[in-house]
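See structure below.
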Amino acid sequence: MEEVYQFLRKCKCYFLATCEGDQPHVRPFGTVNIFEGNLYIQTGHVKSVAHQIELNPKCEICAFDAAENTWIRVAATLEEDARLEAKAAMLNSYPELRAMYDEHDGNTVVYKLTEATATFCSFTASARTVRFGFKEAGDGQVNCSECGAICDKHDVFCPHCGNKLDKRQM
């Protein structure tokens, strides 16, 4: 996760894709922060992107590092964190945003990336994948060895990535 954070910070701008109904929406974003060991992004409740995330929390992020000719794609589920501490941590990392946002304003919203799969790509090397933000499996469940998702003990294949599950991990 730290590597994903560093890549997004270095790029300064990434593109967040959401979906409303059957229509995808993509827009530039710049905020990313680590708080309590989780990766976060930020926007305002009044923006259409917040409404889209509320209806469908699945998103994708893409950023390109032109100097290195590398890019990242991150597929994740966004989970709103309404705590003032999470909002303040984000805004303290981007003090220039305090002219528009405040953790007490009712507009600032921060989202934790969960069930995230980040793929680092290049024109000259094989893609490399990292995963983070997956919960640990409980009784009668197993974490997929491929993507980390929690699967039911009765599943033969992971519903997230299609990997055949190893029941011996339970």
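The values are calculated or read from the model by the stated rules, or taken from the named source; none is laboratory data. Because the structure is predicted, anything quoted here is derived from the model rather than measured. Every residue, glycine as well, gets a Cβ built from its backbone with ideal geometry; the counts of neighbours run over all protein chains shown. We work out accessible area using only protein heavy atoms, side chains counted, and drop any ligands, DNA or RNA first. Shrake-Rupley method; radii C 1.70, N 1.55, O 1.52, S 1.80 Å.
Quick notes
- Per residue, the convex hull volume that the Cα atoms of the chain enclose (Å³): 138 Å³
- Surface accessible to a 1.4 Å probe, per residue, for the residues of the chain, Å²: 55 Å²
- Gain upon complete extension [Arg128, Phe64; 0.36 nm per residue less C-alpha separation]: 21.5 nm
- Only protein heavy atoms count here; on that basis, with a 1.4 Å probe, Thr129 has an accessible area of about 60 Å².
- Ile150 - accessible surface, heavy atoms, 1.4 Å probe, Å² rounded to 10: 60 Å²
- Count Lys and Arg as plus one, Asp and Glu as minus one, and take only other residues whose Cβ is under 13 Å from that of Ile53; the net charge is then -2.
- Candidates per GluC sites (Glu not before Pro) in the stretch 59-141, loop by DSSP, up to 14 other Cβ within 10 Å: Glu68, Glu136
- The apolar share of the surface of the stretch 53-170, taken as the fraction of accessible area on carbon and sulfur atoms (1.4 Å probe, ligands and nucleic acids excluded), comes to 50 percent.
- Sparsely packed trypsin sites (Lys or Arg not before Pro) within the stretch 1-78, loop by DSSP, other Cβ within 10 Å at most 11: Lys12
- Where no second cysteine Cβ lies under 4.7 Å, the cysteines concerned in the chain: Cys11, Cys13, Cys19, Cys59, Cys62, Cys121, Cys151
- In Å², nearest 10: area of Ser122 left accessible to a 1.4 Å probe: 30 Å²
- Cα-based shape type of the stretch 1-89, given that a ≥ b ≥ c are square roots of the gyration tensor eigenvalues and the cut on a/c is 1.5: oblate
- Cα centroids of the stretch 25-62 and the stretch 130-156: 24 Å apart.
- Entries in Lys10/Lys47; Lys112/Lys153; Lys47/Lys135; Lys112/Lys135 that, when Cα-Cα distance is taken, lie over 23 Å: Lys10/Lys47; Lys112/Lys153; Lys47/Lys135
- Extension gain, Ala82-Glu136: 0.36 nm per intervening residue step, less the Cα-Cα distance, totals 17.2 nm.
- The simple Förster model, with R0 at 25 Å and r as the Cβ-Cβ distance, assigns Phe15 and Asn56 a FRET efficiency of 0.90.
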